[in-house]
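Below: one structure, written as structure tokens.
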Amino acid sequence: MPSNRRTFIKSLSAASALVATQGIARPLVQAPAYIPNLKKISPNDKIRIATIGMGIQGNFDTRAALRNPDVELVAVADLYNGRLEHAKSEYGKDKDLFTTRDYREILTRSDVDAVLIVTPDHWHDHITIAALKAGKHVYCEKPMVQHLNEGKAVIDAWKKSGKTMQVGSQRISSAAFQEAKRLVQAGDIGAINYVESNNDRFNAIGAWQYSIPPDASTATLDWDRFLGDAPKRPFDATRFFRWRNYKDYGTGVAGDLFIHLITGVHFVTNTLGPTRIFSSGNLAYWKDGRDVPDVMSCIMDYPKTDQHEAFQMVLRVNFANAGKISNVTRIIGNEGQIEFSENNLIMTKKKLPMAPGYGNYDSFFTFTEPVQQEFVRQYDAKYPPDTRKSEPAQEIKFDAPKEDDAHAKHFADFFDNVRKGSQGTVEDPVFGFRAAAPVLACNESYFEQKVVYWDPVTMTQKNPAAPGAKSSKKKPATVAKAVAKK
Ligand SMILES: NC(=O)c1ccc[n+]([C@@H]2O[C@H](COP(=O)([O-])OP(=O)(O)OC[C@H]3O[C@@H](n4cnc5c(N)ncnc54)[C@H](O)[C@@H]3O)[C@@H](O)[C@H]2O)c1
């Protein structure tokens, strides 16, 4: 790789000095707002990535990223030593892979172009903003943020940075979702009026009881850093390795699973989002100390826009479904429906005839004989035979090609934009937040037992969170201080 493409700004303090020497009458800035991206990545250069959070999805993301040409993993940050050692043996066999427990050491490295942020949800906004400020391109896992009031700061940081950012709900890069979008946009199912989607499960791993390594202790992992801005508490390996089950670190079934359903629907319909969100649920079965529900349903109202008619969306997750599980997303229009998963879709087209018909379970037979005769005379005059035929129902199937690799394609879109110096990814932070906000509102609706009113255009909540709710207590600056003390 040509060395002249690398910036030699090594750290925030070096950049502060740069700003200070350029400043004339300005007071010394504590830290530069953003490190300018001095790197030019030519189409022939490798993009050097670092993964922050090398747990389950960190490995899947890293492998998907590396299935793209000219991408190299140079560094890994994680809080558990076992995962750093595993990363070295998995990705560092033929090279010296830099590993650290402190993600800030990744951000100051000049040989890192882009970071993959694959930590628990409560760290997403902090690391994303720090990475963008440090001049890195960012691929951040879904949901983009943990609380409704954190999205704007990420969008702001992204805009100011000029860097490329992709949010990681990778299924929208699958061939089936792209085909669904094409069909909906072509008007093949008419005006959409209802969307339903569910993701049920009934097994312990599916309900997030992930394995806990027997060597887990404060010697082998960084518990204080894991807590970040969450309330302080004594070491608890279950919370560290099964963080999804606790609202201090995760976003429950809404942020973990509704988010994929909603991201797909937003992608296909070009919607900006709902205005009214209500959810209800219960902890029905997995009473293992978790404080998030395992059964949750949500109703969202999407208003009419220039892209679509008004529609309702109903989402459900049931981790205690011991019945028949049939997980599917259905977009229903007034001329048909599309039922799709990541790998295939079935479109059913059905158009009603203009004539309504009469007879059978209808009031016609209750009329007197002369009234029935007059009714038929008027009906025949109003509805000639050609208005009485419906179009035959059609079923069209689409199977994604076997080699379709949505995950690698999602990264390909990210890397293409990095190389082009463009911010135009398929799931940029504005899209990412518009998809995350309704699911975060589901949590707020569930925990505060209220309807959440949302403005999808300005991305602001109409009825703010109750005082004392977790989302209003979060202060990134406090986190920075707490972590800096370490
Ligand atoms: N896109 C998808 O399909 C998909 C699938 C699964 C998970 N995810 C998302 O990926 C993220 C990670 O989920 P997971 O299942 O891999 O969790 P995980 O617990 O397996 O891994 C998280 C890792 O992050 C590390 N970590 C925590 N805080 C850190 C910090 N401050 N700095 C560096 N490392 C830190 C932990 O040590 C852990 O190894 C979540 O946001 C989740 O929602 C996305």
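Kindly indicate whether any position in segment 199-217 is assigned to a helix (DSSP H, G or I), at pLDDT 95 or above, farther than 19 Å from I331 by Cα and more than 20 Å from the chain's Cα centre (by Cα). Show your work before the answer.
Looking only at segment 199-217, we keep the residues that are assigned to a helix (DSSP H, G or I), and these are none.
No, every residue in segment 199-217 fails to be assigned to a helix (DSSP H, G or I), at pLDDT 95 or above, farther than 19 Å from I331 by Cα and more than 20 Å from the chain's Cα centre (by Cα).
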Result of the Cβ filter at 6 Å on segment 348-367, keeping first residues that are among the charged types (D, E, K, R) and partners that are surrounded by 11 or more Cβ atoms within 10 Å (Cβ to Cβ), at least 6 apart or interchain, is K349/G336; K349/Q394; K350/G336; K351/E335; K351/E391
The lone exception for K163 - which of (1) closer than 24 Å to M313 by Cβ; (2) buried (at least 20 other Cβ atoms within 10 Å of the Cβ) it fails = (1)
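Those residues that are touching a strand residue (DSSP E or B) at 6+ places or on another chain (Cβ under 9 Å) and more than 11 Å from the ligand (Cβ to nearest atom), I need them from segment 233-251; list them, please.
Taking segment 233-251 and keeping what is touching a strand residue (DSSP E or B) at 6+ places or on another chain (Cβ under 9 Å), we get 235, 237, 240-241.
Hits for segment 233-251 are F235, A237.
Quick grid of which residues meet (1) of a type in the set (S, T, Y); (2) closer than 16 Å to Y302 by Cβ; (3) in contact with a Pro (Cβ under 7 Å, 6 or more places away or on another chain):
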| site | (1), (2), (3) |
| --- | --- |
| S169 | yes, no, no |
| A176 | no, no, no |
| I189 | no, yes, no |
| I192 | no, yes, no |
| N199 | no, no, no |
| L221 | no, no, no |
| R225 | no, no, no |
| S280 | yes, no, no |
Among (1) buried (at least 23 other Cβ atoms within 10 Å of the Cβ); (2) under 24 Å from E339 (Cα atoms); (3) β-branched (V, I, T), the one test that T251 misses | (2)
Would you tally the residues in segment 175-188 being at pLDDT 95 or above and either within 12 Å of the ligand (Cβ to nearest atom) or surrounded by 24 or more Cβ atoms within 10 Å (Cβ to Cβ) (or both)?
-> 0
Sole miss for V138 among (1) touching a residue at least 60 places away in the same chain (Cβ under 8 Å); (2) within 15 Å of the ligand (Cβ to nearest atom); (3) of a type outside the set (S, T, N, Q) is condition (1)
Looking across segment 52-66 at residues that are out of contact with any His (no Cβ under 8 Å at 6 or more places or on another chain) and either under 19 Å from K409 (Cα atoms) or assigned to a strand (DSSP E or B) (or both), the single one that is nearest to the ligand (Cβ to nearest atom) is Q57
Considering each of G255, G273 in turn, give the residue that is at pLDDT 95 or above, in contact with a His (Cβ under 8 Å, 6 or more places away or on another chain) and of a type outside the set (A, V, I, L, M, F, W, C).
-> G273
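The values are calculated or read from the model by the stated rules, or taken from the named source; none is laboratory data. The structure displayed is predicted, hence computed values, not measured ones. Neighbour counts are summed over all protein chains in view; Cβ atoms, including those assigned to glycine, are modelled from backbone coordinates with ideal geometry.
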